[in-house]
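Data first, discussion second: the structure below is written as structure tokens.
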Amino acid sequence: MSSFWTGKRVRLRGVEPADWEVFQSFTEHSADQRAVDRLYPPRSAAWFQEATAARAKQPGTDLDLAIESLETGELVGSLSTHGVDRRAGRFGYGIGIGHQHQRNGYAAEAVVLLLRYMFGEQRMHKCEAKVYEFNEPSLGLHRSLGFTEEGRLRAHEFLAGRHWDAVLLGMTLPEFVARWELPQV
């Protein structure tokens with residue numbers, strides 16, 4: 001068996017301080033920034049160096065992982081967990097793929113690797129995701145992976161001059177194992 005963190009297209013790894021230039025390049029596409037979070041003002045190279053170094057050192061319950069293409073070895077995006085609730089067995093996550101690397105299957109494979117870990121190794125029962133209503137590619141990705149739309153926060157975020165709904169999606173452990181395998185020992 002190869003590494004648990006390696007799929008057919010991607011490898012999940014820790015964020016390294018040297019990744020700062022790639023993370024900075026990802027911010028060159030305003031639509032991508034909005035789809036992931038929000039539009040930020042331009043930031044300096046020094047800011048990206050410090051922020052990425054902090055990400056690389058950050059311990060804790062939340063994962064902050066880099067997504068690397070197996071074919072090219074390039075950093076193509078990042079993936080992180082948030083809101084881990086061990087009592088309820090619930091967590092959320094966010095993912096961003098650099099503009100030039102989108103539509104290559106990287107996000108789908110990275111999310112399945114993450115879910116396999118969180119469900120199969122961390123005893124989580126439910127994953128939650130929030131996607132803006134205008135982000136059709138992300139909504140399609142989540143539906144294709146087996147996420148179910150659970151609700152909508154109306155006029156929840158203000159982006160590009162108007163308010164947008166946030167679509168809430170979820171997947172439980174039984175829904176995951178109906179489509180995907182858990183890790184093997």
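In table form, for the structure just shown:
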read-out	value
From Arg55, Arg9, residue being closer than 17 Å to Arg103 by Cβ and within 17 Å of the chain's Cα centre (by Cα)	Arg9
Where a residue in the stretch 8-24 is touching a residue at least 24 places away in the same chain (Cβ under 8 Å) and its partner, wherever it lies, is of a type in the set (S, T, N, Q) and open to solvent by 80 Å² or more (accessible area, probe 1.4 Å), with Cβ under 6 Å and at least six apart	Trp20/Gln49
Tabulated pairs, the stretch 29-43, first closer than 17 Å to Gln100 by Cβ, second open to solvent by 60 Å² or more (accessible area, probe 1.4 Å), C-beta under 7 angstrom, 6+ apart or interchain	His29/His99; Ser30/Leu39; Asp32/His99; Gln33/Leu39; Gln33/Tyr40
Selection status of His99, in contact (Cβ under 8 Å) with a residue 60 or more places away in the chain, in contact with a helix residue (DSSP H, G or I) (Cβ under 6 Å, 6 or more places away or on another chain) and open to solvent by 60 Å² or more (accessible area, probe 1.4 Å)	yes
Every pair of residues 6+ apart whose Cβ atoms lie under 9 Å, when the first sits in the stretch 124-150 and is open to solvent by 40 Å² or more (accessible area, probe 1.4 Å) while the second is of a type in the set (Gly, Ala, Ser) and in a loop (DSSP other than H, G, I, E, B)	His125/Ala88; His125/Gly89; Lys126/Ala88; Lys126/Gly89; Phe134/Ala160
Evaluation of His156 against (1) within 21 Å of Ser80 (Cβ to Cβ); (2) open to solvent by 70 Å² or more (accessible area, probe 1.4 Å); (3) touching a residue at least 12 places away in the same chain (Cβ under 8 Å) (one fails), failing number	(3)
Members of the stretch 7-32 that are of a type in the set (D, E, K, R) and closer than 21 Å to Leu159 by Cβ	Glu28, Asp32
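The values are calculated or read from the model by the stated rules, or taken from the named source; none is laboratory data. Computed from a prediction, not measured in an experiment: that's the story for all the values here. All Cβ positions, even for glycine, are placed from backbone atoms using ideal geometry, and neighbour counts span all protein chains on display. In case anyone asks, the SASA skips ligands and DNA or RNA and just uses the protein heavy atoms, side chains included. Shrake-Rupley method; radii C 1.70, N 1.55, O 1.52, S 1.80 Å.
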